[in-house]
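Just so it is clear, none of the values below were taken in a lab; they were calculated from the coordinates. Only a predicted model underlies this, so the values are computations on that prediction, with no experimental measurement involved. Positions of Cβ are backbone-derived with ideal geometry, glycine not excepted, and every protein chain shown enters the neighbour counts.
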Amino acid sequence: MILVVNCDPDNRKMKIINNSSSGIYYNDSYMYPDTTLRIDDNPSSLSRLLLSPGETVSNPRRGSWEGVFENIDTLMIFIFDEATVKTVPWDTIRKNYMILKRYDLSYEDLVKMEWRVVYP
């Protein structure tokens, strides 16, 4: 018996690109317009969220990204400095909003960007 698994081919189409000379962490959030950094948003606990200088990674999702935007209108992507995340307590980062950049992206934005989020 052959089992065929249907995988959504689009679930890895979003790419995060680090064009800086420093390591960065990224994290995404569906909570817009609440731009608060949450306790459980700490990216250091997931090494897959770390990008070396010049690195490109997929930001995977189960199911399609189109499906994500059926329930939200804006996806936020937070960019953090690697050294900051590794040396500063997460509570301090949250309190002082120590991000390098926040992208507020609609589905249309991502299509225009060809699903590539480039920092800086």
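Rounded to whole numbers, the Karplus 3J(HN,Hα) couplings from phi for segment 17-23 are 10, 9, 9, 8, 9, 10, x Hz, using 6.51 cos²θ - 1.76 cosθ + 1.60 with θ = phi - 60°, and x at Gly and Pro. Taking +1 at the Cβ of each Lys and Arg and -1 at the Cβ of each Asp and Glu, which of 57, 117, 14 sits farthest along the dipole of the chain towards its positive end, judged by Cα position relative to the Cα centre? Going by the charge dipole, the pick is 57. With contacts taken as Cα pairs under 8 Å at a separation of at least 6 residues, segment 15-115 carries a relative contact order of 36 percent.
Can you figure out the FRET efficiency of residue 96 with residue 46, using R₀ = 22 Å and their beta-carbon distance, to the nearest 0.05?
On the way: r = 22 Å, r/R0 = 0.99.
After rounding to 0.05, the efficiency reads 0.50.
Here the sum of -39500 (n - 2.57) over DSSP H runs of 4 or more residues, divided by the residues of the chain, equals -4000 deg cm²/dmol at 222 nm, to the nearest 500. Straight-line reach from residue 13: taking Cα to Cα under 23 Å and skipping same-chain neighbours fewer than 8 places apart, the lysines in range are 101, 112. Taking a straight Cα-Cα cut-off under 19 Å and skipping sequence neighbours fewer than 8 places away in the same chain, the aspartates and glutamates within cross-link reach of residue 95 are 28, 34, 40, 41, 81, 82.
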